[in-house]
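Read the structure below first, then the notes.
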Amino acid sequence: DAGITQSPRHKVTETGTPVTLRCHQTENHRYMYWYRQDPGHGLRLIHYSYGVKDTDKGEVSDGYSVSRSKTEDFLLTLESATSSQTSVYFCAISGTELAGNKTDTQYFGPGTRLTVL
Amino acid sequence: GQSLEQPSEVTAVEGAIVQINCTYQTSGFYGLSWYQQHDGGAPTFLSYNALDGLEETGRFSSFLSRSDSYGYLLLQELQMKDSASYFCAVRVINQAGTALIFGKGTTLSVSS
């Protein structure tokens, strides 16, 4: 299994408070991703990183920011949490440079269950 | 934009064969992947097709037809442990790098 951890694993917070979720990898992979998973929506990409200090927006980036100051850590911040951000958040990593028919296997962390009251 | 369509639920019995279809619309296509997720767990990679045809990995096979923007995951000799959600995903390439866009998932229930 890829060495990828997420913290915290569970969090309950109140509307309007800031929240930071951490993803930590020991694989030295270049790419890191944050997804949220909600019933009926599958996995939706929030933000991703393609290197230290290099990040880009995904499908559902509004209300979220990210930072990557080290290869191994990718932080997701909810500046002011809302109830609509109650979800399960997954971090994923991949290391493959994409070209031709090379696969892009993503390895997922165990997830963080966030509840915003 | 990108969109993927797959059935929301499929049911089958142990020992049977089941096919989960996925149709996609993308602005650029670089491969179709399949992931499995057991209830409460993390998604795990199953297979990948970049070229037309069938890829076989044990009891699981995945097929791709790029001209039809269509693929499927075939699960044979179903076991109870195959009860899970299955997601198809397409790779998105942009100037910054790459990411996967996932379908909404198909919940497979295997009964005895």
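In chain B, Cα pairs under 8 Å separated by at least six residues give a relative contact order of 36 percent.
State which stretch of chain A is the longest one without any exposed GluC sites (Glu not before Pro), exposure meaning a DSSP loop state and at most 13 other Cβ atoms within 10 Å. So the longest stretch without any such site is A:15-78.
Cross-link reach is defined here as a Cα-Cα straight distance under 16 Å, omitting same-chain residues fewer than 8 places apart; for residue B:104 the aspartates and glutamates meeting it are A:38, A:59, B:5, B:9, B:39. Ranked from largest, the principal axis spans of the Cα set of the protein assembly as shown equal 49, 40, 32 Å. With 0.36 nm allotted per residue and the present C-alpha distance subtracted, the residue B:93-residue B:112 stretch has 2.6 nm of extension available. Summed over the residues of the stretch A:33-84 and divided among them, the accessible surface reaches 44 Å² per residue at a probe radius of 1.4 Å. Separation of the stretch B:2-75 from the stretch B:76-93 is 6 Å, based on Cα centroids.
Sort A:30, A:68 by heavy-atom solvent-accessible area, probe 1.4 angstrom, most to least.
A:30, A:68
For chain B, DSSP calls about 90 percent of its internal beta bridges antiparallel. Each pair of Cα atoms in chain B enters the Kirkwood radius, and Stokes-Einstein at 4 °C and 1.567 mPa s then converts it into a translational diffusion coefficient of 91 µm²/s. Could you please state how large a percent of the accessible area of the protein assembly as shown is carbon and sulfur, counting protein chains only and using a 1.4 Å probe? Using a 1.4 Å probe with all protein chains present, the protein assembly as shown comes out at 47 percent carbon and sulfur.
Computed over chain B with a Gaussian network model linking Cα atoms closer than 10 Å, the most mobile of B:40, B:31, B:71 is B:40. FRET efficiency for the residue B:81 to residue A:41 pair, using the beta carbon distance and R₀ = 22 Å, is estimated at 0.30. Taking both sides together, what accessible area is buried at the A/B interface, probe 1.4 Å, expressed in Å² and rounded to the nearest 100? Buried surface at the A/B interface: approximately 1900 Å².
Tally the DSSP beta bridges in chain A and give the antiparallel ones as a percent, rounded to 5.
Working: 38 of 42 bridges.
Around 90 percent of the beta bridges assigned by DSSP in chain A are antiparallel ones.
A straight Cα-to-Cα reach below 20 Å connects residue A:70 with the lysines A:53, A:57, residues fewer than 8 places away in its own chain not being considered.
Report the calculated FRET efficiency for residue A:65 and residue B:44 (r = Cβ-Cβ distance, R0 = 25 Å), to the nearest 0.05.
0.30
Rounded to the nearest 10 square angstrom, residue B:38 shows an accessible area of 80 square angstrom against a 1.4 Å probe.
The values are calculated or read from the model by the stated rules, or taken from the named source; none is laboratory data. Because the structure is predicted, anything quoted here is derived from the model rather than measured. No Cβ is skipped: glycine too gets one built from the backbone with ideal geometry, and neighbour counts run over all protein chains shown. Ligands, DNA and RNA are stripped out before the accessible areas are found, and what is left, the full protein with its side chains, is counted by its heavy atoms. Shrake-Rupley method; radii C 1.70, N 1.55, O 1.52, S 1.80 Å.
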